[in-house]
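As structure tokens, the structure follows; a few thoughts come after it.
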There are 2 protein chains.
Amino acid sequence: MTISMYKASAPIFVQFLTSLSAVLDKAAAHAEAKKVDPSVLLNTRLCPDMLPLVRQVRMATDHAANACGRLAGAELPNFSNNEATIPELKDRIAKTIDFIKGLKAAQIDGTEAKEIKITFPSGATRDFVGQGFLLNHCLPNFYFHTTTAYDILRQCGVDVGKRDFMGTPVTL
Amino acid sequence: MTISMYKASAPIFVQFLTSLSAVLDKAAAHAEAKKVDPSVLLNTRLCPDMLPLVRQVRMATDHAANACGRLAGAELPNFSNNEATIPELKDRIAKTIDFIKGLKAAQIDGTEAKEIKITFPSGATRDFVGQGFLLNHCLPNFYFHTTTAYDILRQCGVDVGKRDFMGTPVTL
């Protein structure tokens, strides 16, 4: 057993995307029980200048897909970016998981020094190498958005706990 | 350049503990400017059954110290666990950073299969191996608590942005 770029990425993203999808199931159940429109939850923010839940979920899938896809040199999945319901978000998560599972360990292992240029929505670019891209950029951002999605739902009163966030480790 | 247990742990924890400490500086400045007792911020929770900021910060340092210390087989730092001010929390963070920096890469590298038994506060125990302990337990928990600390302060109106959360990668 040796840590590798693949083991530090693909199974981790799949674990926490799977738990995020299950947390959204609990959000849907909460909305139904409380007779709340699920879109109210999806548009909830922790403060006015933070992204709402729907965007936190999209960002989490983006960071996971970008990490694995860029490291592997694979074409990234295309999403509509207008998902506005819990089932649509869960579909996006499922497609991201399928995309990651479709990549082979050999495509991601050994990419520590791979040069990766990222163009941000602002137009700014940043040059990474694979290891820094994964450890210092993608994983922290991914956890930031999955945690904030969870935090928003906790604040909305959805019955989720730390175990729902953590999910179950997967072997790929 | 090859990913290793050390590279996936020590410099990452130091980066995000450093940024957490700087975020607390902004919290202190905010409290002073708004004439708010800093303890109000430290006792803010996102919901009644989540931990307040002060505990989120303590938990973040615990996961970082436990990860590196357990992998390295080093004696863990002892804290009073009654830190109740921003300077006291910043001191705890600084001591955690010093502890991590005091460990050598050779103590942490190669610990992928090391057996680690954790006894939780509840008394329950869980057996890990090093790689799963770091990737599936310590890092996600660490990011969970650093993100939630940040989220609490955003909700309190503290002027922090994503860059404050991300900090700057460090080389150890």
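The values are calculated or read from the model by the stated rules, or taken from the named source; none is laboratory data. Just so you know, these numbers come straight off a predicted model, no measurement behind them. Using ideal geometry, Cβ is built from the backbone for each residue, glycine included, and neighbour counts are taken over all protein chains shown. Accessible surface is based on the protein model in full, side chains and every heavy atom, while ligands, DNA and RNA are left aside. Shrake-Rupley method; radii C 1.70, N 1.55, O 1.52, S 1.80 Å.
Annotation note: GluC sites (Glu not before Pro) in segment B:73-124 located in DSSP loop regions with a Cβ neighbour count of at most 16 within 10 Å are B:Glu75.
The dipole here belongs to the protein assembly as shown: it is taken about the Cα centre, uses +1 on the Cβ of Lys and Arg and -1 on the Cβ of Asp and Glu, and is about 20 debye. Exceedance of the 19 Å cut-off in Cα-Cα distance is limited, within the set B:Lys101/B:Lys162; A:Lys162/B:Lys90; A:Lys7/A:Lys114; B:Lys90/B:Lys117; A:Lys7/A:Lys101, to B:Lys101/B:Lys162; A:Lys162/B:Lys90; B:Lys90/B:Lys117. Comparing mean-square fluctuations of B:Arg58, B:Arg45, B:Arg154 from a GNM of chain B with C-alpha springs under 10 Å, the top value falls on B:Arg154.
Neighbours of B:Val129, meaning other residues whose beta-carbon lies under 14 angstrom from its beta-carbon, give a summed charge of +2 when Lys and Arg score +1 and Asp and Glu score -1. Placing a label point 7 Å from the Cα of B:Phe79 along the Cα-to-Cβ direction, the residues of segment B:87-112 with a backbone N closer than 16 Å are B:87-101. Using a probe of 1.4 Å on the protein chains alone, the accessible area found for B:Met59 is around 50 Å². How much net charge surrounds B:Asp49 when only other residues with a Cβ under 13 Å from its Cβ are counted (Lys, Arg +1; Asp, Glu -1)? Net charge in that neighbourhood comes out at +2.
Normalised size of chain B, defined as Cα radius of gyration per 2.2 N^0.38 Å with N residues, equals 1.04. To make sure I understand the rule: partners must be aspartates and glutamates, Cα under 16 Å from the Cα of A:Lys95, and not fewer than 8 residues away in the same chain. Which ones qualify? Cα-Cα hits under 16 Å: A:Asp62, A:Glu75, A:Glu83.
Along its three principal directions, the equivalent ellipsoid of the protein assembly as shown from the Cα gyration tensor extends over semi-axes of 27, 27, 20 Å, largest first. Mean projected area of the convex hull spanned by the Cα atoms of segment A:23-116, taken over all viewing directions: 7.4 nm².
Cα-based radius of gyration for segment B:92-172, normalised by 2.2 N^0.38 Å, reads 1.36. Stretched out straight at 0.36 nm per residue, the stretch from A:Asp25 to A:Ala106 would grow longer than its current Cα-Cα span by 25.8 nm. Could you work out which residue, out of B:Phe16, B:Phe128, B:Phe120, moves most in a Gaussian network model of chain B, that is, has the largest mean-square fluctuation with Cα springs under 10 Å? Of the options given, B:Phe120 has the highest mean-square fluctuation.
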